[in-house]
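Heads up: the structure comes next, in structure tokens.
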Ligand SMILES: NC(=O)c1ccc[n+]([C@@H]2O[C@H](COP(=O)([O-])OP(=O)(O)OC[C@H]3O[C@@H](n4cnc5c(N)ncnc54)[C@H](OP(=O)(O)O)[C@@H]3O)[C@@H](O)[C@H]2O)c1
């Protein structure tokens, strides 16, 4: 029988308001994209989720297609909800998404009303839930009228199957259009989920100012650049690392000497702050405008512990920020 740590809410500063909403999210959120599927160790996945919840991580992020096989991360998390977390549903913020290829034929991909609402029903069945807290459109679909896609998200909220809605991978123009439609529908967008890290700063120029102005929270995904912004690859490519065993999105050729030269310099700056590189990379993101929480992945409970420690030092001196900029600009 799992009893969550009594200390999990001991630090109120671990929670921040998401945009102009009533919902607070933990500084660190846990994503179940990798290491939680049917092909992975269920007991390891379960240990990661338990450790996260013990540390006050109340927000768990899924998508219809997370696995492999697609859907299995939701099934596995649903199993944990029925066992370890059965008494804690109201302490959790559970998100899922639809937008990428999920089932064969023309109705299992992109942004139609037909796809989104059917997918949400499927996700709820796999999770064993009546509602998710956040339902996202996973990526923009320029062939479907934005009114239809946003109408489907609004319908998810009105039907009670989602409490809030979010957008992911929308650029600033697509986001601005979607927010206008949502405003007309009377259903605000809670949160935007872009890829964003020290090594991939595309949201900074236009998206973050828009989110800040509109009161939409930002939850950067892959904030550790899939593991590159950690000490994971300093002694070569470990067999159990993402680059070492899962060639889908991070391959050995991405772990270049140029990346390592840069991340070693960042690591030295992190050590001078008394942080690990992962902690500094997350703390830096948490200081960007509109950013409410960062959405990490993990392959072991110890990584979640390390990341959760980022909150202990979120303040940067101007000298530290300048030194980071120098490394990021020049390598
Ligand atoms: N909306 C979208 O389109 C989209 C796309 C991608 C991801 N996401 C979401 O974002 C979540 C996170 O993505 P991500 O997994 O790429 O994030 P990430 O945090 O950038 O990378 C996670 C990986 O970094 C390594 N790591 C984490 N903490 C560490 C630590 N303290 N020390 C050393 N290594 C550490 C682990 O690598 P090893 O596995 O090598 O140990 C871990 O699997 C996903 O689960 C998903 O929920 C959303």
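The values are calculated or read from the model by the stated rules, or taken from the named source; none is laboratory data. Here the structure is a predicted model, which is why all the values come from computation and not from measurement. Cβ coordinates were reconstructed from backbone atoms using ideal geometry, including for glycine residues, and neighbour counts include every protein chain displayed.
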Confirm whether residue 153 is part of a helix (DSSP H, G or I) and out of contact with any helix residue (DSSP H, G or I) (no Cβ under 8 Å at 6 or more places or on another chain).
no
Residue pairs, Cβ under 6 Å, 6 or more apart or interchain, first in the range 291-308 and without any contact (Cβ under 8 Å) to a residue 40 or more places away in the chain, second near the ligand (Cβ under 6 Å from one of its atoms). List them.
306/278
Step by step: first the residues of the range 200-211, then only those that are free of Cβ contacts under 8 Å to residues at least 60 places away in the same chain, away from the ligand (no atom under 15 Å from the Cβ) and surrounded by fewer than 18 Cβ atoms within 10 Å (Cβ to Cβ), then the one that is nearest to residue 164 (Cα to Cα). Which residue is that?
206
Output the residue which, of all residues in the range 265-283 that are surrounded by 14 or more Cβ atoms within 10 Å (Cβ to Cβ) and more than 12 Å from the ligand (Cβ to nearest atom), is nearest to the chain's Cα centre (by Cα).
283
Filter the range 241-251 down to residues that are surrounded by 13 or more Cβ atoms within 10 Å (Cβ to Cβ) and part of a helix (DSSP H, G or I), then give me how many there are.
3
Name, by its number, the condition in (1) at positive phi; (2) near the ligand (Cβ under 9 Å from one of its atoms); (3) touching a strand residue (DSSP E or B) at 6+ places or on another chain (Cβ under 7 Å) that does not hold for residue 290.
(2)
Matching residues, the range 188-199, being within 10 Å of the ligand (Cβ to nearest atom), more than 16 Å from residue 27 (Cα to Cα) and not in a loop (DSSP other than H, G, I, E, B)
195
Search result, residues across the range 279-305 that are under 23 Å from residue 17 (Cα atoms) and in a helix (DSSP H, G or I):
279, 280, 281, 282, 283, 284, 285, 286, 304, 305
Checking the structure you have, find out if any residue of the range 212-222 is crowded, with 21+ Cβ neighbours inside 10 Å, in contact (Cβ under 8 Å) with a residue 60 or more places away in the chain, away from the ligand (no atom under 12 Å from the Cβ) and in a loop (DSSP other than H, G, I, E, B).
yes
Restricting the range 134-150 to residues that are surrounded by fewer than 18 Cβ atoms within 10 Å (Cβ to Cβ) and either within 15 Å of the ligand (Cβ to nearest atom) or part of a helix (DSSP H, G or I) (or both), the residue that is nearest to the chain's Cα centre (by Cα):
139
How many residues are at negative phi and more than 13 Å from the ligand (Cβ to nearest atom) if we restrict to the range 34-75?
15
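Considering only the range 105-120, how many residues are touching a strand residue (DSSP E or B) at 6+ places or on another chain (Cβ under 7 Å) and outside any helix (DSSP H, G or I)? Please lay out each step first, then the result.
Our first condition is that a residue be touching a strand residue (DSSP E or B) at 6+ places or on another chain (Cβ under 7 Å); within the range 105-120, this holds for 111, 115-116, 119-120.
Cutting the leftovers down to outside any helix (DSSP H, G or I) gives us 111.
Of the residues in that region, 1 qualify.
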Have a look at 37, 56, 22 and point out the one that is without any contact (Cβ under 8 Å) to a residue 60 or more places away in the chain, surrounded by fewer than 24 Cβ atoms within 10 Å (Cβ to Cβ) and in contact with a helix residue (DSSP H, G or I) (Cβ under 9 Å, 6 or more places away or on another chain).
37
Residue 262, sole failed condition from (1) within 14 Å of the ligand (Cβ to nearest atom); (2) more than 22 Å from the chain's Cα centre (by Cα); (3) part of a helix (DSSP H, G or I):
(1)
Within the range 170-187, track down each residue that is surrounded by 19 or more Cβ atoms within 10 Å (Cβ to Cβ) and assigned to a loop (DSSP other than H, G, I, E, B).
170, 187
Flag for residue 131 being surrounded by fewer than 19 Cβ atoms within 10 Å (Cβ to Cβ), at negative phi and modelled with pLDDT of 95 or more:
yes
Please go through (1) over 22 Å from residue 324 (Cβ atoms); (2) within 13 Å of the ligand (Cβ to nearest atom) for residue 185 and return the number of the only condition it doesn't satisfy.
(2)
Looking at residue 225 and the list (1) surrounded by fewer than 20 Cβ atoms within 10 Å (Cβ to Cβ); (2) more than 17 Å from the chain's Cα centre (by Cα); (3) modelled with pLDDT of 95 or more; (4) within 8 Å of the ligand (Cβ to nearest atom), which single condition is not satisfied?
(2)
